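The values are calculated or read from the model by the stated rules, or taken from the named source; none is laboratory data. Not measured: the values here are computed from a predicted model. As a convention, Cβ positions derive from the backbone with ideal geometry for all residues, glycine included, and neighbour counts pool all protein chains shown.
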Amino acid sequence: MGATQYSDNDVDAMADTLAALVAGGMTLQGAQSALSHAPEGLVHAARLTYETRLNLIREIPDPGVLAEIERKRGFWYPGPRREDVIWPTLKSRLLQELPETAVAGVDAASSKVIGLGSPPGREVIRTRGLVLGYVQSGKTTNFMSVVAKAADVGYRLIIVLTGTTENLRNQTQARINEYLIDPCTPHVHPLTSIDADFSATTTADAILNSQALRSIAVVKKNPARLRRLHKWIKTASATTLQNCPILIIDDEADQASIDVGTSRQSTINGLIRDLLSNPKAAYIAYTATPFANLLIDPSVEQDLYPRDFIVDLPRPTNYFGAERIFGQMESADIDDDGLDVVRMMAESEVESVRPPRGKGLLDEWVPDVPEAMDAAIRWFLLATTARRLRAGRATHSSMLIHTSMLAAAHEKTAEAVIDHLDALGAELANEEGAAQVFRTLWDAESDRVDAKSFGNRNISFAELVPHLLVTLRETKVIVDNYQSSDRLKYDKEHPQTAIVIGGNTLSRGLTLEGLISSYFVRASSAYDTLLQMGRWFGYRAGYEDLIRIWMSAELKNWFLMLSIVEAEIRQEIRIYEVEGKTPAELPVKIRTHPQMSVTSAAKMRAAVKAQVSYSGRRVQTIMFKENDSNWLRNNIAATRQLFERLISEGHVESELPGSRRGFMDVTASSILNYLESYEIHEAAKSIDKDAIKRYIQQEQAAGDLTRWNVVVMEPLSGEGELNLGLTGKVRLLRRKKMYIPNNEGTANLKAIASTSDRIADLEVGLDLVRQSLGMKASDQLSDRQLLQYRQLRETNRVGLLCIYPIAKESDPSREPASLERIENGRAPLFAADHVIGLCFMFPESRNPKSAVDYVAAPVDAGYLETVEDELRAADELDEAKAIEDEKVKS
């Protein structure tokens, strides 16, 4: 019989049978052979339907995937089936809250994650995967969808590992209860509850031996709880465990799970690996900050490196992330310093709000509410009131105060904030002129970010005044840490207006609903920790213009650098995917990123040796000693000497094709000599002169980077102002500096190079580059694509050095900079002399060991040891509670 003679229901049912056999561990061909008793035409039609389902999934825009070709080819999961129960239930709930397109995206991404894993029917499962999302961007929705589909397809035990504190676990448990467990009670058995982490329960055999039942445990990364869970699983018989596929979802996987040397993290890492020692155990890590995960040694098979796959979830268009708030750092041709929402506080205030570190000093410490914290609190009241007026109702509105990891410090800070709110309330209620400070703040801040640019209504101060006191009186001050009894809870029926003070719980995973004002002070630790602390990242529909962040200048600089590392890690994953590389090849690339040396150093309390590679990179000088005329003149003299030396050797300044001045085929020794005399700011984190010199020398020894092109990056018009030894004076660029208070003497230009500068020595239009790469005329070119173009047309590896002559005054018609001259976070440059900036454009190295040693300067670890003490104290409290729970049950 032909395929057309079977009903759609018959074909769909047979396609479901094929899917079930493949999920059981068979290949598609093997499953088709196993159905030889059925009509051949029906099985053939069912196979076409099964394959069509796969293709339909792939037609929806997918996340990026890095995996071995064999794993991609063996993609076994065709998507949800008709008999599924848990995913359809979850999907119907999601459709009540999200647009259909968003749910379709979640459906496609979660199906891809399931398919990249192992079929539950396989005899042995050892999956290691990583899903890379964004802070507060919907990772929980994605992994809940993965949990639902894994349960439908046959995984019997699903363990969700949350953060290290009970309220993080509680928050995740509440969501899983609401979306998965409660609606599917007959099919799903909870092993934990909102009130109780994992403890003694029914025997494992009785639960895990059931083919129809799915068990879910939401467990925090606490040694006592993980030991209890492992011990309970091991009480099941060998037969039960051999037939029980286990899936571990590790949320915030870069925290605690990775063994970075502390005893607690080594313990937790070992306990997770114990759970994964079961015969059929899959591990999928979820994180927004994959630095630690990608630095795990992939050669240790039992560890957690995502050797099987890495999935990069796309960033939602309405998401507020690091680039949206802090701007793009690396390119001068992108006029994007982010939204003007970051306010920096005086260094004296930073020190005043941090508790003293000496033993016993905390007891005597009495914090107050200094200037910037006062502004942040007043803004919270103003912005919350404005938001209520726009919405016509009260909604959840939160403020974050994060000054320390110490629980005792939180209580003292909360007392000071409560007293300050009382004083503000008395002012508004009793003093006629009290609102003037609020008015000044509102008028100044509402002018800096245009509400209409987001489609939001402008609110006048006159509209705010009648409601301001009501907002203040409804504001609660909540301390949220491992000792808290009055935890942060959001009730959908009763909107909360809260100033939340905390440490570790607020820096890891906890969602602050309606976060609108943040006061953030934290000793530098590591990039991943800092990014996770960005609770202000997320969705801010309807109040995009109202979010504000007060922080130290140091932290803003770290976030600026962080945006580079995060973006480039994601870019490398996408590039490796296109190039057909595997996750095992990624760590070397990440470890040797010039910025990662800072991350490594930040995790140590002494200088640390790292490896750095400049293969395919571009590094530029962005920090300059604007008041040090000798320092600036030295770099001018060094540049003039370079040009004069090249000319004396027979070079001419017109060697480049086109109109730019510069030199071709310059020897590596000339570049190295120039580096000897050129001075780089000692505070520069992204460019290290000694490491660059060693890298060039190493490449030179291997036969590459022996020749360089040097380009003078003059503007196209204007009169020459600077003598650099060329024919006629050099025209100067104009640049403004980042406004960073208390940073006297250092001008941070953020970026001096444009993306197109990668081909500054070639007489090539960008349209021709796009055409050569098969791109559309409207496509924006990246540095990586321009590098690819260079390598298509160059047979040798030529280095490119671009030199940027920058005028000492970015706005010579004005007087020197003042606070009134700050525009969008930029201030005029008024340097003691002209500035010479450099950008090194390195080709891809052919040397597989292109990295060189780099000794990173030590970074103050600040409270890292104290954090470990706090976590151990939390563990002890939880251990006592677990023992008490067992006594009650027995």
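At-a-glance table
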read-out	value
Qualifying residue in region 407-417 (condition: of a type in the set (D, E, K, R), part of a helix (DSSP H, G or I), buried (at least 17 other Cβ atoms within 10 Å of the Cβ) and without any contact (Cβ under 8 Å) to a residue 60 or more places away in the chain)	yes
Yes/no for residue 818 being modelled with pLDDT of 70 or more and of a type in the set (Gly, Ala, Ser)	no
Where a residue in region 456-479 is under 14 Å from residue 387 (Cα atoms) and its partner, wherever it lies, is crowded, with 18+ Cβ neighbours inside 10 Å and of a type in the set (S, T, N, Q), with Cβ under 6 Å and at least six apart	464/385; 467/385; 468/385; 471/384; 471/385
Residue check for residue 759: free of Cβ contacts under 8 Å to residues at least 40 places away in the same chain and under 16 Å from residue 839 (Cβ atoms)	yes
So residue 429, is it surrounded by fewer than 14 Cβ atoms within 10 Å (Cβ to Cβ), touching a helix residue (DSSP H, G or I) at 6+ places or on another chain (Cβ under 8 Å) and assigned to a helix (DSSP H, G or I)	yes
Qualifying positions in region 752-761 - crowded, with 20+ Cβ neighbours inside 10 Å and out of contact with any strand residue (DSSP E or B) (no Cβ under 6 Å at 6 or more places or on another chain)	755, 759
Strands (runs of 3 or more DSSP E) completely within region 646-756 that count 2 or more residues being more than 24 Å from residue 845 (Cα to Cα)	746-748
Search result, residues across region 432-455 that are in a loop (DSSP other than H, G, I, E, B) and either of a type in the set (Asp, Glu) or touching a Leu at 6+ places or on another chain (Cβ under 8 Å) (or both)	432, 434, 447, 449, 450
Any hit, region 365-379, residues being loosely packed, with under 14 Cβ neighbours inside 10 Å and free of Cβ contacts under 8 Å to residues at least 12 places away in the same chain	no
Filter pass, residue 511 being at pLDDT below 70 and surrounded by fewer than 24 Cβ atoms within 10 Å (Cβ to Cβ)	yes
Single residue of region 688-720 satisfying the filter (among the aliphatic types (A, V, I, L, M) and closer than 22 Å to residue 807 by Cα) that is modelled with the lowest pLDDT	716
Condition met for residue 205 (surrounded by fewer than 21 Cβ atoms within 10 Å (Cβ to Cβ) and over 29 Å from residue 480 (Cβ atoms))	yes
